[in-house]
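Data block below; observations after.
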Amino acid sequence: QVHLVESGGGLVQTGGPLRLSCAASESIFSINGMGWYRRAPGKERELVAYITSTSNTNYADSVKGRFTISRDNAKNTIYLQMNSLKPEDTAVYYCRALSGGNLYWGQGTQVTVSS
């Protein structure tokens with residue numbers, strides 16, 4: 001069982017930055033892949049960014065060039081650096097881990113971008 005705890009959400013103005021963190025309850029060194037997803041009001045949850053155990057990354061087209069996912073294995077934490085935020089980035093952001101064939105989700109953190 002992997003427990004994930006997100007932090008760093010909040011209210012930010014358009015164009016501002018925000019950094020999200022996702023701390024895992026165990027070593028992420030061997031976790032196959034970890035990612036950030038989001039669910040905006042009235043929309044389905046969607047992939048934002050993904051990072052593999054070898055640090056290969058993948059981004060949604062809507063955030064390419066603005067968001068950066070990274071991992072710190074020593075701290076069992078992944079991050080999502082979000083720059084040039086837009087009102088359409090407003091959503092609950094979730095951390096997800098794929099480990100041993102099982103999916104684990106965090107509780108989510110709210111990001112609100114004011115126009």
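Some notes on this structure:
- Straight-distance candidates among the lysines for linking to LYS43, with alpha-carbon spacing under 26 Å and chain neighbours fewer than 8 residues away dropped: LYS64, LYS86.
- Among 18-25, 63-70, the peptide with the highest mean count of other Cβ atoms within 10 Å heads the list, and the full ranking is 18-25, 63-70.
- Taking amide H as placed 1.01 Å from N in the peptide plane, ASN76 has its amide H under 5 Å from the amide H of ILE28, each at least 5 places away in sequence or on another chain.
- At an R0 of 35 angstrom, the distance between the Cβ atoms of ASN56 and THR14 translates into a FRET efficiency of 0.70.
- Charge dipole (Cα centre; +1 on Lys/Arg Cβ, -1 on Asp/Glu Cβ; no other charges) of the chain amounts to roughly 100 debye.
- In terms of packing, defined here as the mean over residues of other Cβ atoms within 10 angstrom, the peptides 46-58, 86-98 line up highest first as 86-98, 46-58.
Since every read-out is calculated from the coordinates, none of them should be taken as a lab result. Please read these numbers as outputs of a predicted model, since none were measured by experiment. Note that each Cβ is placed from the backbone with ideal geometry, even for glycine, and that neighbours are counted across all protein chains shown.
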